[in-house]
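The values are calculated or read from the model by the stated rules, or taken from the named source; none is laboratory data. A quick note: this is a predicted structure, and the numbers were derived from the prediction, not measured. Positions of Cβ are generated from backbone atoms using ideal geometry, with glycine treated the same way; all protein chains shown enter the neighbour counts.
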Amino acid sequence: MGELRAKWKVNMYAWLLLLPSLIFLLLFTFYPVWQTVILSFHQADLGSPEPFFNGVDNYKQMLEDDVFWKVLTNNLWFALGTVPTSVALALGMALFANKALRGKSFVRTAYFYPTVVPMIAVANIWLFIYTPEYGALSHVMEWLGKGDINWLGDQANVMWAMIFMVIWKEAGYFMIFYLAGLQNISQELYESAAMEGASAWTVFRRVTFPLLMPTTMFVSIIAFTNSFKLVDHLVIMTKGGPDNASNLLLYYIYETAFSFWDQGMASALTIVMVVLLLAVAAVQFFGLDKKIHYN
Amino acid sequence: MARKITTVGMYVLAVLWLFPLLWVLWTSLRPRELATSWTLSADFTLANFAKVWDAAPFAQYYFNTFLIVAGVLIAQMITATLAAYAFAKLRFWGRDVLFVLFLVQLMVPADILIFPNYNVLRDLALLDTKIGIMLPYFASAFGVFLLRQTFKTIPHELEEAARMEGCSWLQILWRVYVPLARPTYIAFGLVSVSYHWNNFMWPLIVTNSVENRALTVGLAIFAQSFETGAQWAEVSAATMMVIFPLLLAFLLFQRQFINSFIHSGVK
């Protein structure tokens, strides 16, 4: 009897301790997602004073919407352009910054500082860099004797400009995780590799890289999620243009919800976003993660 | 030879990485008419900063951001500490289910839910308030997991000893666990502060008055009020003003900063 009471007491305490977090979690993650699912099956725009049920019309309309497909493919290209490069660069930075060398902390600082600069400030700075005629890049092009390029005004270039900027912003952040990973690798492994006379490249390929696999996985997931989250710069730099060439899913949701006030469609788009991110999480959780940790 | 090339290459990369900051700093200190030209001269001025400070209510923006960042941090510390203790040290009904629910928040952060959370805030009649900006971030699954890992490493004997002395559960939490987890709190604090100092989209959507606007939103409005590149010097000065506090903190506490991020990344 006493044991049961003690158990009950622990349960009550645990739930009370979790309650504050749970309230906010329910209020700002689960309830909104639920409401969004419902609203996504309704017509709720400026033309409908009261939202009414319209089944899967929003989703149908979405599939026929060229901008939606454009934005989704843009986002995938954006991910493909930023994730592997910034992760690889971060690994290189970490390998370099981890060694005892002159100016180590200077190098680390230089790589890392973009992390603490707000994206909106990054957008201002890079806008100046990319501006034709006056921008820093123009000066460089002129100096190299090359013609001027309109980086943000040209559909063919704008995505590259964004990808480069985001790599600059993120690589140093990911470097930190690799630095941590490197510190966890036992020094003995390197010593025995040195005894066997393994070359630097072999050591990297056979020891360092495989042992950093969990870090690579972790960083890639963050980088992928970020490629859907980072949209602040679009407000300042391009507004998604020219002709949606730099538009991304979250910015399109923002436009649909707060410029066009089409709430049903904004909800359907939000659901696509949530499903996409949860799918990535599921892949990590059930597939890749296990393979990497238990081999 | 190959090693030398790599070394030089990595130093070049560091300079390349520093360039945007140095350039915006340089531009912000130049007289207006020289801002876009690359002529070297000894002309430097602080006039741009003075002008920007007068042109927009940056003092108010600073104050707002400061309040938002501090408010979020305090609330997160409290909610995360309580939840982390429960997950780390107690066995209770529904623990696994709750744990998964917390995990979901990691994958679907509030930043993605801009539209639905706007609706929640509207229903709560909290649009255009500072508390409205803060509220969605009061619970942090990230903070909970971070602290949970740390609490797990604290031996149970310490808790027993404290209980022998007649401490209640909350007292144990406050006197044993919180002090021992100090490095984790600092790590989480730095990550949280830099995140919320830099946050833009959410405050942009929620606020429309000067009294509640965050620094980042103020900067965006200021930058967009110029049509051409004619005011580059001013916009650069405003940009410097927004990034300066965090950058300074980072340079001063560089080691702790980087260690914090390392710490939070591993756990």
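Below is a table of values for the structure above.
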item: Lone qualifier among B:Leu135, B:Leu103, B:Leu126 - being part of a helix (DSSP H, G or I) and more than 24 Å from A:Val272 (Cα to Cα); result: B:Leu135
item: Test: residue in the stretch A:115-127 that is among the polar types (S, T, N, Q), under 21 Å from B:Ala220 (Cα atoms) and in contact with a Phe, Trp or Tyr (Cβ under 6 Å, 6 or more places away or on another chain); result: yes
item: Residues that are outside any helix (DSSP H, G or I), of a type outside the set (A, V, I, L, M, F, W, C) and modelled with pLDDT of 90 or more, drawn from the stretch A:251-295; result: A:Ser259, A:Asp262
item: Whichever residue in the stretch A:243-265 is among the small types (Gly, Ala, Ser) and either without any contact (Cβ under 8 Å) to a residue 12 or more places away in the chain or under 28 Å from A:Asn157 (Cα atoms) (or both) and, among such residues, is surrounded by the most Cβ atoms within 10 Å (Cβ to Cβ); result: A:Ser246
item: Single match in B:Gln105, B:Gln60 (criterion: crowded, with 18+ Cβ neighbours inside 10 Å and either within 29 Å of B:Gly132 (Cα to Cα) or of a type in the set (S, T, N, Q) (or both)); result: B:Gln105
item: Some residue of the stretch B:189-197 being more than 11 Å from every other protein chain (Cβ to nearest Cβ) and surrounded by fewer than 24 Cβ atoms within 10 Å (Cβ to Cβ); result: yes
item: Near pairs, Cβ below 7 angstrom, 6+ apart or cross-chain, from the stretch B:232-253 (farther than 20 Å from B:Ala55 by Cα) to any residue that is in a helix (DSSP H, G or I); result: B:Leu246/A:Val116; B:Leu246/B:Ser194; B:Leu246/B:Trp197; B:Leu247/A:Tyr113; B:Leu247/A:Val116; B:Phe250/A:Tyr113; B:Phe250/A:Val116; B:Phe250/B:Phe257
item: Options B:Phe92, B:Phe99, B:Phe58, B:Phe87: the member that is more than 30 Å from A:Leu26 (Cα to Cα) and not hydroxyl-bearing (Ser, Thr, Tyr); result: B:Phe58
item: Evaluation of B:Val97 against (1) assigned to a loop (DSSP other than H, G, I, E, B); (2) of a type in the set (Val, Ile, Thr); (3) under 29 Å from B:Ile154 (Cα atoms) (one fails), failing number; result: (1)
item: Within the stretch B:79-101, tally of residues that are more than 7 Å from chain A (Cβ to nearest Cβ) and under 26 Å from A:Leu249 (Cβ atoms); result: 1
item: The lone exception for B:Ile258 - which of (1) over 15 Å from the mean Cα position of the chain (by Cα); (2) of a type in the set (A, V, I, L, M); (3) at pLDDT below 85 it fails; result: (1)
item: Looking only at the stretch B:5-39, and only at residues there that are at pLDDT below 85 and at the interface with another protein chain (Cβ under 7 Å from one of its Cβ atoms), the one that is surrounded by the most Cβ atoms within 10 Å (Cβ to Cβ); result: B:Thr36
item: Count of the stretch B:204-216 residues which are more than 10 Å from chain A (Cβ to nearest Cβ) and in a helix (DSSP H, G or I); result: 1
item: Leading residue by the ranking (modelled with the highest pLDDT) among those in the stretch A:138-162 that are polar (S, T, N, Q) and assigned to a helix (DSSP H, G or I); result: A:Asn157
item: Of residues in the stretch B:125-184 being basic (Lys, Arg) and either over 26 Å from B:Ala110 (Cα atoms) or surrounded by 22 or more Cβ atoms within 10 Å (Cβ to Cβ) (or both), the one nearest to the other protein chains (Cβ to nearest Cβ); result: B:Arg163
item: A:Lys9 being of a type in the set (Lys, Arg) and crowded, with 16+ Cβ neighbours inside 10 Å; result: no
item: Condition check for B:Arg255: of a type in the set (D, E, K, R) and within 11 Å of chain A (Cβ to nearest Cβ); result: yes
item: Pairs with Cβ under 6 Å, 6+ apart, first in the stretch A:39-55 and part of a loop (DSSP other than H, G, I, E, B), second of a type in the set (Val, Ile, Thr); result: A:Ser40/A:Ile271
item: Filtered residues of the stretch A:40-84 (kept if of a type in the set (A, V, I, L, M) and within 28 Å of A:Ala245 (Cβ to Cβ)); result: A:Leu46, A:Met62, A:Leu63, A:Val67, A:Val71, A:Leu72, A:Leu76, A:Ala79, A:Leu80, A:Val83
item: Meets criteria (within 12 Å of chain A (Cβ to nearest Cβ) and under 21 Å from the mean Cα position of the chain (by Cα)) for B:Val72; result: yes
item: Qualifying residue in the stretch B:46-58 (condition: in contact with a helix residue (DSSP H, G or I) (Cβ under 6 Å, 6 or more places away or on another chain) and part of a loop (DSSP other than H, G, I, E, B)); result: yes
item: Qualifying positions in the stretch B:81-102 - under 21 Å from the mean Cα position of the chain (by Cα) and either surrounded by fewer than 18 Cβ atoms within 10 Å (Cβ to Cβ) or of a type in the set (S, T, N, Q) (or both); result: B:Thr81
item: Lone qualifier among A:Ala136, A:Ala90, A:Ala94 - being more than 9 Å from chain B (Cβ to nearest Cβ) and more than 18 Å from the chain's Cα centre (by Cα); result: A:Ala94
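Yes/no matrix, rows are residues, columns are (1) within 17 Å of B:Tyr61 (Cβ to Cβ); (2) hydrophobic (A, V, I, L, M, F, W, C):
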residue	(1), (2)
B:Thr150	no, no
B:Met164	no, yes
B:Trp174	no, yes
B:Val178	no, yes
B:Val191	no, yes
B:Tyr195	no, no
B:Met201	yes, yes
B:Ala214	yes, yes
B:Gly218	yes, no
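Condition check ((1) at pLDDT below 90; (2) within 18 Å of A:Thr225 (Cα to Cα); (3) surrounded by fewer than 12 Cβ atoms within 10 Å (Cβ to Cβ)) across all residues:
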{"site": "A:Gly47", "(1), (2), (3)": "yes, no, yes"}
{"site": "A:Asp57", "(1), (2), (3)": "no, no, no"}
{"site": "A:Lys60", "(1), (2), (3)": "no, no, no"}
{"site": "A:Glu64", "(1), (2), (3)": "no, no, yes"}
{"site": "A:Trp69", "(1), (2), (3)": "no, no, no"}
{"site": "A:Asn75", "(1), (2), (3)": "no, yes, no"}
{"site": "A:Ser86", "(1), (2), (3)": "no, yes, no"}
{"site": "A:Leu101", "(1), (2), (3)": "yes, no, no"}
